[in-house]
C-alpha cells in the first residue's frame with residue numbers, strides 16, 4: 001500500500017532531518033519506506049498490505065511536520081495513538097494577504113500569548129504556519145481548542161475566548177471528579 005503527500009519546499013529539510021535521521025526514524029517506527037522527491041515536494045510512503053495503521057500514522061506525522069510542527073512534536077503521535085492532527089485552512093476565510101495576517105495574528109496573539117494560553121488551557125500543541133493552523137491533541141481537547149480558534153477567527157475578543165476556555169477547563173475537572181466519586 002502506498003500514499004503520496006505534498007510537502008512544502010521549506011519543510012522538506014525538517015522531514016529529512018540531519019543526515020536523513022528524521023526520515024530514518026519515521027521509517028523504523030512505522031515499518032514504512034519513505035521516498036522524498038525534494039524537487040517536486042512529493043513524499044511517497046509505502047507500507048505493508050496487512051497493516052495499514054502504521055502507514056496512515058506516518059502520513060499524519062508527515063502532514064504535521066509539513067504544517068510547521070517540529071519532528072519531535074509530530075512523533076508524539078506515534079507514541080500515543082489517541083493523539084490526532086487537525087488542520088484548519090484559513091485561505092477560504094481571508095480575501096487578501098493582509099486579512100490572513102490579521103487572522104493569524106489574532107490566533108498567535110501578542111508575543112505568542114494567545115496561542116500559548118490556548119495550548120496551556122486545552123493541553124494541545126498549535127502550529128500557525130502559512131495559510132493553516134494545525135493542532136495536535138486528544139479528541140475532546142481538540143474540540144475545545146478548535147472552538148476557541150473559531151471564536152478568534154470570528155472576531156470574538158480574546159478575554160471572552162479565554163473565559164470560555166476557563167469554563168471548559170473547570171467543566172472537564174468536574175467531569176473528572178464526578179468520574180472518581
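Out of everything in the stretch 26-48 that is assigned to a strand (DSSP E or B) and touching a residue at least 40 places away in the same chain (Cβ under 8 Å), what residue ends up being farthest from residue 64 (Cα to Cα)?
For the stretch 26-48, the residue satisfying everything is 46.
Out of all the residues in the stretch 16-25, is one or more out of contact with any strand residue (DSSP E or B) (no Cβ under 7 Å at 6 or more places or on another chain), at pLDDT 95 or above, assigned by TED's automatic domain parsing to the domain that holds residue 67 and farther than 16 Å from residue 65 by Cα?
First pass over the stretch 16-25, keeping only residues out of contact with any strand residue (DSSP E or B) (no Cβ under 7 Å at 6 or more places or on another chain): 17-22, 24-25.
Cutting the leftovers down to at pLDDT 95 or above gives us 17-22, 24-25.
Now restrict to residues that are assigned by TED's automatic domain parsing to the domain that holds residue 67: 17-22, 24-25.
Pick out the ones that are also farther than 16 Å from residue 65 by Cα and you get 19.
Yes; the residues of the stretch 16-25 include at least one that is out of contact with any strand residue (DSSP E or B) (no Cβ under 7 Å at 6 or more places or on another chain), at pLDDT 95 or above, assigned by TED's automatic domain parsing to the domain that holds residue 67 and farther than 16 Å from residue 65 by Cα.
Residue check: is residue 99 more than 11 Å from the chain's Cα centre (by Cα), more than 26 Å from residue 168 (Cα to Cα) and either assigned by TED's automatic domain parsing to the domain that holds residue 131 or assigned to a helix (DSSP H, G or I) (or both)?
It is true that residue 99 is more than 11 Å from the chain's Cα centre (by Cα), more than 26 Å from residue 168 (Cα to Cα) and either assigned by TED's automatic domain parsing to the domain that holds residue 131 or assigned to a helix (DSSP H, G or I) (or both).
Only residues that are assigned to a loop (DSSP other than H, G, I, E, B) and within 15 Å of the chain's Cα centre (by Cα): list them for the stretch 122-166, please.
Once the filter is applied, which keeps residues that are assigned to a loop (DSSP other than H, G, I, E, B) and within 15 Å of the chain's Cα centre (by Cα), the stretch 122-166 yields 123, 124, 130, 131, 138.
All but one of (1) in contact with a helix residue (DSSP H, G or I) (Cβ under 7 Å, 6 or more places away or on another chain); (2) under 25 Å from residue 170 (Cβ atoms) hold for residue 128, so report the exception by its number.
Only one criterion is unmet by residue 128, namely (2).
Sort out which residues of the stretch 144-161 are exposed (fewer than 14 other Cβ atoms within 10 Å of the Cβ) and closer than 22 Å to residue 92 by Cα, and write them in order of number.
150, 154, 155, 157
The values are calculated or read from the model by the stated rules, or taken from the named source; none is laboratory data. The model shown is predicted, which means the values in this text are computed figures rather than measured ones. Using ideal geometry, Cβ is built from the backbone for each residue, glycine included, and neighbour counts are taken over all protein chains shown.
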